[in-house]
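Peer 1: My questions will all concern the structure given below.
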Amino acid sequence: MHKTLIILAAYFCSILQTSPALSDSTRLLGPKALAHPVISEAGMVVSQDVLASQVGAEILAAGGNAVDAAVATGFALAVTLPRAGNLGGGGFMLVYLAESKKTIAIDYREMAPAAAFKDMFLDAEGDVDNTKARFSIFSSGVPGTVAGLIQAQNSYGKLSLKQVMQPAINLARNGFEISPDMADSLSTRRERLQKDAATKKYFYKKDGSAYQYRDRLVQKDLANTLRRIQTTAGDDFYQGKTAKLIVEQMQRSGGLISMEDLANYNVVERTPVCGDFRQHRICAMPPPSSGGVHLLQMLNILEGWDLQSLGHNSAAYIHRLVESMRRAYADRSLYLGDPDFFPVPVAQLTDKRYAKTLRESINLDKASRSEDIQPGLSENERPLSTPSQQQESTETTHFSTWDRWGNVVSNTYTLNFSYGSGISVDGAGFLLNNEMDDFSSKPGFPNGYGLIGGIVNGIQPNKRPLSSMTPTIMFNTEGDPILATGSPGGSTIITIVMQIILNVLEFDMGIAEATAASRVHHQWLPDNIYYEPGLSVDSKALLQKMGHIINDSSGRLGATQSIYKTVDGRLHGAADSRRQGAGAVAQESR
Ligand code: DON
């Protein structure tokens, strides 16, 4: 059983009803908010943590735009959702600017330190040392979150940085009530997280016991770090006291990140990858994310069939999804990496003619075997080893914001695994990422998500590891944005985002239904259909008859946080109920 993809079962978030920190309007959301969309005629914020969504919604109400709200939410999540919200990680932000009708992709992915090298995670036998790659001081890339959020706010926000960061500082300084979800996640990871003295100090009680639901978590060092970031517009993190604390942390254990690495960190504004699926335009994150490329590639293949008539999650439908996924992920293993180091064939992979050849290679009655599928654009050798399954439940987090002027933000950021490497910067109060594991440490050898890569995603100094994060914005036939979505889930992110889009467009679901519907996933290797418990026994049996490998249920896949604009112009916010604590919060006043 693919236990490794098991994500916490969803249950209603009682914090919505009980936390005194929440205003009446937020409490009104109640458990029903998870089954129905939250509706607004002004603005909306949806994130994995309702306190952070509320921070964003209050920034909208104070006159901020979608970017101000996103930056405020991002900094708030760094306080209230330490397993994935972060200062010590990186991510991607897609921004739609209503006035210029432009979509911008802000890349604030972590970069390998200058002293990083290709074989740094190989042991004496030449095998990948997974502990070193995932849970050591070497696991961290140079963090990009602070630079990314600040650049976004500075370039496209309306309010001051002081204003948008203040709620996060208050939450860190005054504390907030631990949610059931946070209590559980800290308790189950106690052994791993207490290996690091600073992490133990920051996230556990003085006697080493875990915080309980409703205990208060005050983060003084984090509050001070946020304050320094606020007053120096981020310079402190990359050149000041926080930078020194990061480097001291590295030097205590022989880590590689230096003052020069921090000073040289750069955010890149990229052109999103955009393409059409039937009547709708979809824009998503370009490389170094594989998300946008393969989202469009799979949709291009699927466009050639009448999916609606097959019925949602019928075997015939899932067969087409899976065969498209299999081919896209085979290509991912060979062609995708940091475009600043290797040319990524984005145009070829997203070409409708290429999709047609892939579609024609699919037998509609019979499953193909992944071992027979080669990356499609060349004759290169297929990697030989069989991927292992990931050992650790993982976290990343997505949030979407929308303002009354029609600006939209779709942002996914991460520490990679839950609580990243598990190592905190002592004196600074935040966790470091383990994003170096997203590189391919050895061609053909799987990373934490069973994903294989080659030289294009090999480790090189100053390079960004390949990502699957897929912040996405979809547009209607008039070119107006109608959907912002994205998800955590490592390798499963791209297929999850695709199913949200298909559920809305092909099966006419509202965004809350589209979010709740059972998901499937395939990633070429291992050759297995991952699926959620809601998949019907009939579909499963028919898929097996077609020759698909389909083991036990994979638990829950991802946690999307979406905003959908319906034809009446209203915003429908849908927080995913798969992971507790998420919330859609509507802006209260215009
Ligand atoms: O960038 C990536 O693709 C991964 N580091 C994302 C990790 C992730 O989604 C874990 N969350 N469930």
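The values are calculated or read from the model by the stated rules, or taken from the named source; none is laboratory data. If you're wondering where the values come from, they're calculated on a predicted model, not measured in any experiment. Note: ideal-geometry Cβ built from the backbone for every residue, glycine included; neighbour counts use all protein chains shown.
Peer 1: Specify which of the listed residues (GLN297, GLN279, GLN308, GLN239) is touching an Asp or Glu at 6+ places or on another chain (Cβ under 6 Å) and in contact (Cβ under 8 Å) with a residue 24 or more places away in the chain. Walk me through it before giving the result.
Peer 2: Values: GLN297 fails: touching an Asp or Glu at 6+ places or on another chain (Cβ under 6 Å); GLN279 fails: touching an Asp or Glu at 6+ places or on another chain (Cβ under 6 Å); GLN239 fails: touching an Asp or Glu at 6+ places or on another chain (Cβ under 6 Å).
One residue alone meets the criteria, GLN308.
Peer 1: Taking the stretch 510-530 on its own, how many of its residues are touching a residue at least 40 places away in the same chain (Cβ under 8 Å), away from the ligand (no atom under 14 Å from the Cβ) and under 22 Å from SER562 (Cα atoms)?
Peer 2: Of the residues in the stretch 510-530, 9 are touching a residue at least 40 places away in the same chain (Cβ under 8 Å), away from the ligand (no atom under 14 Å from the Cβ) and under 22 Å from SER562 (Cα atoms).
Peer 1: Let me ask something else about it. So which residues in the stretch 467-491 are surrounded by fewer than 24 Cβ atoms within 10 Å (Cβ to Cβ) and either within 12 Å of the ligand (Cβ to nearest atom) or of a type in the set (Gly, Ala, Ser) (or both), if there are any at all?
Peer 2: Answer for the stretch 467-491, where residues must be surrounded by fewer than 24 Cβ atoms within 10 Å (Cβ to Cβ) and either within 12 Å of the ligand (Cβ to nearest atom) or of a type in the set (Gly, Ala, Ser) (or both): just GLY479.
Peer 1: Let me ask something else. Could you grab me the full set of residues in the stretch 201-217 that are part of a helix (DSSP H, G or I) and farther than 20 Å from PHE176 by Cβ? I'd like the intermediate steps shown before the answer.
Peer 2: So the first thing to find is which residues in the stretch 201-217 are part of a helix (DSSP H, G or I), and the list is 201-203.
Selection gives nothing.
Peer 1: Given the structure, is ASN266 under 25 Å from SER139 (Cβ atoms) and not in a strand (DSSP E or B)?
Peer 2: Values: under 25 Å from SER139 (Cβ atoms): yes; not in a strand (DSSP E or B): yes.
Spelling it out, ASN266 is indeed under 25 Å from SER139 (Cβ atoms) and not in a strand (DSSP E or B).
Peer 1: While we're looking at this one, here's another question. Could you tell me whether the stretch 133-152 includes any residue that is polar (S, T, N, Q), free of Cβ contacts under 8 Å to residues at least 60 places away in the same chain and not in a strand (DSSP E or B)? Talk me through it step by step, then tell me what you get.
Peer 2: So the first thing to find is which residues in the stretch 133-152 are polar (S, T, N, Q), and the list is 136, 139-140, 145, 151.
From what is left, the residues that are free of Cβ contacts under 8 Å to residues at least 60 places away in the same chain are none.
The answer is no; no qualifying residue exists.
Peer 1: Residue pairs, Cβ under 6 Å, 6 or more apart or interchain, first in the stretch 76-87 and under 14 Å from ASN434 (Cα atoms), second among the hydrophobic types (A, V, I, L, M, F, W, C). List them.
Peer 2: From the stretch 76-87, the pairs are GLY85/LEU77; GLY85/ALA78; ASN86/ALA78; ASN86/LEU415; LEU87/ALA78; LEU87/VAL146; LEU87/PHE430.
Peer 1: Against the conditions (1) under 29 Å from LYS101 (Cβ atoms); (2) within 16 Å of the ligand (Cβ to nearest atom), where does ASP437 fall short? Just the number, please.
Peer 2: (1)
Peer 1: Going residue by residue through the stretch 154-173, is there one that turns out to be of a type in the set (S, T, N, Q) and crowded, with 23+ Cβ neighbours inside 10 Å? First the steps, then the outcome.
Peer 2: Initially, the stretch 154-173 is screened for residues of a type in the set (S, T, N, Q), giving 154-155, 160, 163, 166, 170.
From the residues that got through so far, the ones that are crowded, with 23+ Cβ neighbours inside 10 Å too are none.
Within the stretch 154-173, not a single residue is of a type in the set (S, T, N, Q) and crowded, with 23+ Cβ neighbours inside 10 Å.
Peer 1: Another one. Condition (residue is crowded, with 24+ Cβ neighbours inside 10 Å, modelled with pLDDT of 95 or more, within 13 Å of the ligand (Cβ to nearest atom) and under 24 Å from ALA284 (Cβ atoms)) applied to the stretch 417-424: is it met by at least one residue?
Peer 2: yes
Peer 1: Just one of (1) within 13 Å of the ligand (Cβ to nearest atom); (2) out of contact with any Phe, Trp or Tyr (no Cβ under 8 Å at 6 or more places or on another chain); (3) polar (S, T, N, Q) trips up ASN503, so point out which.
Peer 2: Of the numbered conditions (1) within 13 Å of the ligand (Cβ to nearest atom); (2) out of contact with any Phe, Trp or Tyr (no Cβ under 8 Å at 6 or more places or on another chain); (3) polar (S, T, N, Q), the odd one out for ASN503 is (1).
Peer 1: Which condition does GLY454 not pass, out of (1) under 30 Å from ARG173 (Cβ atoms); (2) small (Gly, Ala, Ser); (3) at pLDDT below 95, if it passes all the others?
Peer 2: Single failed check for GLY454: (1).
Peer 1: Follow-up question, since we're still on this one. Looking at the stretch 448-466, which of its residues are more than 9 Å from the ligand (Cβ to nearest atom), out of contact with any Gly (no Cβ under 6 Å at 6 or more places or on another chain) and not charged (D, E, K, R)? Show your work before the answer.
Peer 2: We begin by selecting, within the stretch 448-466, every residue more than 9 Å from the ligand (Cβ to nearest atom); these are 450, 452-464.
Then drop every residue that is not out of contact with any Gly (no Cβ under 6 Å at 6 or more places or on another chain), which leaves 450, 453-455, 458-464.
Within the stretch 448-466, GLY450, GLY453, GLY454, ILE455, GLY458, ILE459, GLN460, PRO461, ASN462 qualify.
Peer 1: I'm checking my understanding of the structure. Among residues of the stretch 273-311 that are part of a loop (DSSP other than H, G, I, E, B) and of a type in the set (A, V, I, L, M, F, W, C), which one is surrounded by the fewest Cβ atoms within 10 Å (Cβ to Cβ)?
Peer 2: Step one: of the stretch 273-311, the residues part of a loop (DSSP other than H, G, I, E, B) are 278-279, 285-288, 290, 303-307, 311.
Within this subset, residues satisfying the condition of being of a type in the set (A, V, I, L, M, F, W, C) are 285, 305, 307.
Numbers: MET285: 32, TRP305: 16, LEU307: 19.
Among residues in the stretch 273-311 that are part of a loop (DSSP other than H, G, I, E, B) and of a type in the set (A, V, I, L, M, F, W, C), the one surrounded by the fewest Cβ atoms within 10 Å (Cβ to Cβ) is TRP305.
Peer 1: Can I ask one more? So, of the residues in the stretch 174-191 that are in contact (Cβ under 8 Å) with a residue 40 or more places away in the chain and surrounded by fewer than 16 Cβ atoms within 10 Å (Cβ to Cβ), which turns out to be nearest to SER53 (Cα to Cα)?
Peer 2: It comes out as ASN174.
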